[in-house]
Amino acid sequence: MGHTLVEKLMIKNTGDDSIRPGDIVIVNPDCYMIIDAYSPSVIKKLEEMGFDKVLCPEKAVVVFDHLLPVGNPSNDPLFISKSVELREKYKIQTTEKGTGISHTLMHEKRYAKPGTIVTATDSHTTTYGGGGCLSTGIGYSDMAAVLGTDELWLKVPNAIKIVLEGKLKPHVTAKDIVLKVVGDLKADGGQYKSLEFTGPGAQQLSMQARYTICNMALEAGAKCALFEADDKTAEYFDMDLDEIRWIQVDEDAEYESVMTYDLGQLEPQIAKPKGVDDVYDISKAIGTKIDEVFIGSCTNGSIEDMAVAAEILKGNTISPYLKLVIIPASNKVFKESIELGYIETFLKAGATVSHPSCGLCAGFPFGLLSDGEVVLSTSNRNFIGRMGTKDSLIYLSSPAVAAASALAGEIVSPDMLELLTH
């Protein structure tokens, strides 16, 4: 019998080809990442567990992204100083300070490579599966144990095969694919499962699109999400395809279920406030008034996302009194956006462009919401109070929908763009 993608990656790490769903295995992660917000807790647990050193400091990465720049003068500086302490005291060799959002940097800087196992202190670590990497989030206690022992206990997940067929229509994106999948599975439909994407539609998707989808697989409860490795993967990581060709779905692998989507039939999707899995075709949300639009996050802050927004905003001006906040996901994306003229386009349209960081997505600067305000966001979560007060409302969409809606002052389909700009 063949193996699922998650089984293959665990087999490569452990050398045990007999593993099956439900088995408990001990893996040695190839890389582990700690975000600034968890540094104090990780240090405390390392001390409580009696670890005076990190066993493999060359594998660890500390990233300053959630709390840089500082948003709360009474607490945030502590997290920054503790992140520095974590690096210095435990001789961690790699730090990313102010260079972008952790989940973007992990694949952009090739820390999370195809065929490896990576873990981090953030739930959206599932992102790196877009590059054929088994990646999953853990808590600070587990991270302290991993840092001290270089071992992580994992249960082998059941897997759901998601077959993508056909080709996306104009203005329909990877964000719409994953919103549709999460809406169908609901918040617990992928609980501790591996969501594995395959099919001709999956092969057509860019690497950035794959990372968007794997990022939000977590919102269905997934333990991990994976795309097969192909020529696009090899090119992105500057690898020989023969090295990673084995990261492919076995036709005789045993999957818990199979979901099939015809991408040509997919419409832009909207997640309504208070639940990422409350997803509808955009037709059911058109006309909803909004006060703010946010384009960014590890979900949709890539150069491709910036290009989509710039194409729609170019030569146009956002709706009066509406706030449009755009945050590129990394310094690399920011610099490319400057060179390509996207930042100038955003500013001329009336947007606020901010330093690469998690920002509004995680409830930090910039653009926090007041009571009754409504935001349309390209980020991954719309929980109550996540972007401001508990009486603010968050809708989720693709960058195409977000940019078009910023021009209208209400939720619209990008197909309505000609009506908005003429």
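Each reported figure results from applying straightforward, stated rules to the coordinates on display, with no laboratory input. Keep in mind it's a predicted model, so treat the numbers as computed, not measured. Methodologically, a virtual Cβ is constructed for each residue, glycine included, from the backbone with ideal geometry; neighbour enumeration extends over all protein chains shown.
Would you mind checking the pairs 45/89; 97/193; 223/335; 12/186 and listing those with alpha carbons more than 25 angstrom apart?
Table pairs above 25 Å Cα-Cα are 97/193; 223/335; 12/186.
If each DSSP helix of 4+ residues adds -39,500 (n - 2.57) and the sum is divided by the residues in the chain, what number results at 222 nm, nearest 500 deg cm²/dmol?
That calculation yields -9000 deg cm²/dmol at 222 nm.
Set the Förster distance to 51 Å, then compute FRET efficiency between residue 415 and residue 84 from the Cβ-Cβ distance, nearest 0.05.
0.55
Counting other Cβ atoms within 10 Å of each Cβ, which GluC sites (Glu not before Pro) in segment 222-299 have at most 13 and sit in a DSSP loop?
251
Running a GNM on the chain with Cα contacts under 10 Å, which residue among 217, 307, 120 ends up with the highest mean-square fluctuation?
307
Give the distance, in whole Å, between the Cα centre of segment 237-277 and the Cα centre of segment 123-176.
11 Å
Running Debye on segment 182-301 with equal point scatterers at the Cα sites and no solvent, what base-10 log of I(q)/I(0) appears at q = 0.09 Å⁻¹?
-0.31
To check you understand DSSP bridge types, tell me what percent of the beta bridges within the chain (both residues inside) are antiparallel, rounded to 5. Walk me through the numbers on the way to the answer.
Details: 10 of 56 bridges.
Looking only at bridges with both residues in the chain, the antiparallel portion is about 20 percent.
For residue 231 paired with residue 72, estimate the spin-label separation in nm (one decimal), with each label point 7 Å from Cα along the Cα-to-Cβ line.
Going from the residue 231 label point to the residue 72 one covers 5.0 nm.
With only Lys, Arg, Asp and Glu charged, each at its Cβ (+1 for the first two, -1 for the last two), find how big the charge dipole of the chain is about the Cα centre; round to the nearest 20 debye.
Working: 39 positive and 58 negative charges, 201 e Å.
Approximately 960 debye in magnitude.
For residue 82, which aspartates and glutamates qualify as cross-link partners when the Cα separation must be under 12 Å and same-chain residues fewer than eight apart are set aside?
By straight Cα distance, residue 82 reaches 36.
Return the single residue from 29, 273, 320 with maximal mean-square fluctuation; model: Gaussian network over the chain, springs between Cα atoms under 10 Å.
Evaluated over the chain, the most mobile residue of the options is 320.
How high is the FRET efficiency between residue 188 and residue 260 when r is their beta carbon distance and R₀ equals 22 Å, given to the nearest 0.05?
In this case the efficiency is close to 0.55.
Kirkwood Rh, segment 118-250, all Cα pairs: how many Å? All intermediate terms of the calculation are to be shown ahead of the outcome.
Values: mean 1/r = 0.0656 Å⁻¹.
Kirkwood hydrodynamic radius for segment 118-250: 15.2 Å.
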